[in-house]
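Notes follow once the structure below has been shown.
The values are calculated or read from the model by the stated rules, or taken from the named source; none is laboratory data. Everything quoted here is computed from the prediction, not taken from an experiment. All Cβ positions, glycine included, derive from the backbone under ideal geometry; neighbour counts span all protein chains shown. The accessibility values were calculated without ligands, DNA or RNA, using every heavy atom of the protein model including side chains. Shrake-Rupley method; radii C 1.70, N 1.55, O 1.52, S 1.80 Å.
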Amino acid sequence: MVDLAGWVAALDQVIASIGPRFFRREPRARAGAYVRGLLAGLERKNGWTLAEYAGAVSPDGTQRMLRTADWDVDGVRDDVRDYVLDALGDPVSGVFVVDETGFIKKGLRSAGVQRQYTGTGGKVDNCQLGVFLAYASSKGRALIDRELYLPTSWTEDRDRCARADVPDEVGFATKPQLGLAMLARAHACGALTPRSWVTADEVYGQNPTFRTWLADREIPFVLATRNDDVLTSPDGHRRQAKVLATIAGARDPDTGRSGWERRQVGAGAHGERIYDWTTVALDPAGLPHGWGHWLLVRRQTEPGQGKTTRELAFYRCAAPAATPLRELVRVAGARWAIEECFQTSKNEAGLDHYQVRSYRAWYAHITLSMLAAAYLSVTRAQEAEKGDLQPSGPG
């Protein structure tokens, strides 16, 4: 039988664990009710519906808790990270994933909102963008950190920032800079180590500072890049990634063997994700001693309309030289875990259901939603250990 009482008791313990971050009883109680409401079967999880679920006659107290109440939002963020890593941490399979997601909004007053591209809708839309850090292992996955992206249309207009309660010291930061800020926090607390892996899409993989920061700390990475990225081979020649892919995947004239290797990277929306993979060595200059540097290429074959198309994806990889192809492929495949985190957090924990405009309130809501979603991931992992559910790790 489903252990509903045990699940409720575990949720009570999670909520109690963040209690010391609150300095007054009222916001502590409201935050607990808020998390429970985020996990309730409500169609929409905004200020009104969550207040009604908690038995309040208006959303005023809830809005006050998010916007101005005296509690340590970043401290709760750290509690979420520690909770996830304690329950899902695994030094063998763990991967840290950086990516952003969009929050479609109307109007111009929500902190950071403007017309900008969002992968959520696959187009330019009026939205906020949040940059997130997720942790994924064979036990499960969850979001563990977050930053709100503020475009220059905001940071160069301090009056506008003041109206949205953006602190004076908050200036413009690129998405890779926000990603590094989150990775730096994970590194400072000892969670991100040379035994860890980091993966991210080409926004981060194309950024030299992002790659250098990881290499300087001997943290291996698999970062997506563009097909026209110009890369240096060990012989000093510089070629585009798509040219190197042709060289790497060519059939060996002596053995007749192809340079491609078919590997599975886990289940997707339409079944198992199976691709062809190959690597080509790159110049390891600037990397730690004993490290290798590779271009990893993924080939997806799609038959249709009388011909076969082959779509390629590219990754810059750096790790100890003995790292096998299967490990690079596993880490590349783990990047999809953060998309599942976004989907679960939005569908099950109200990540995008908020109706707040201020900078502080965005962080407060997102952090509590992350806590709610983390509870779901940890509970699933614990049930999987009992044999009641299948684990949902990457690869």
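Taking 0.36 nm per residue of separation and subtracting the current Cα-Cα distance, fully stretching the chain between Gln206 and Arg25 would add 60.5 nm.
Share of the chain's accessible area from carbon and sulfur, percent, 1.4 Å? Carbon plus sulfur share of accessible area: 48 percent. So how tilted is helix 336-349 from the main axis of the chain? Cα-based, degrees 0 to 90, rounded to 10. So the inclination is approximately 20 degrees.
Taking the Cβ-Cβ separation of Asp90 and Gln177 as r and a Förster radius of 45 Å, what is the calculated FRET efficiency to the nearest 0.05? Don't skip to the answer; put the middle values down first.
Numbers: r = 29 Å, r/R0 = 0.63.
That gives a FRET efficiency of 0.95.
Residues in the stretch 66-137 average 38 Å² of solvent-accessible surface per residue, probe 1.4 Å, ligands and nucleic acids excluded. Just grab the label-to-label distance for Val230 and Ala162, each label 7 Å out from Cα along the Cβ direction, in nm (one decimal). It is 4.7 nm.
Estimated from the Cβ-Cβ distance and a Förster radius of 41 angstrom, the FRET efficiency linking Arg238 and Gln343 is about 0.55. The largest accessible area among Phe172, Phe103 belongs to the first residue in Phe172, Phe103, and the rest follow in falling order (1.4 Å probe, all chains).
Give me the Å³ per residue figure for the convex hull around the C-alpha atoms of the stretch 1-144.
Working: hull volume 23.1 nm³, N = 144.
It is 160 Å³ per residue.
For the chain, a Gaussian network of Cα nodes joined below 10 Å ranks Lys123, Lys175, Lys242 by mean-square fluctuation, and the top entry is Lys123.
With 0.36 nm allotted per residue and the present C-alpha distance subtracted, the Ala281-Leu325 stretch has 14.7 nm of extension available.
Once Rg/Rh (Cα atoms, Kirkwood Rh) is calculated for the structure shown, the corresponding label among (i) 1.06; (ii) 1.10; (iii) 1.00 turns out to be (iii). Could you compute how fast the stretch 191-244 diffuses translationally, taking Rh as the Kirkwood radius over C-alpha pairs and applying Stokes-Einstein at 4 °C with viscosity 1.567 mPa s? Give it in µm² per second. Reported coefficient: 107 µm²/s.
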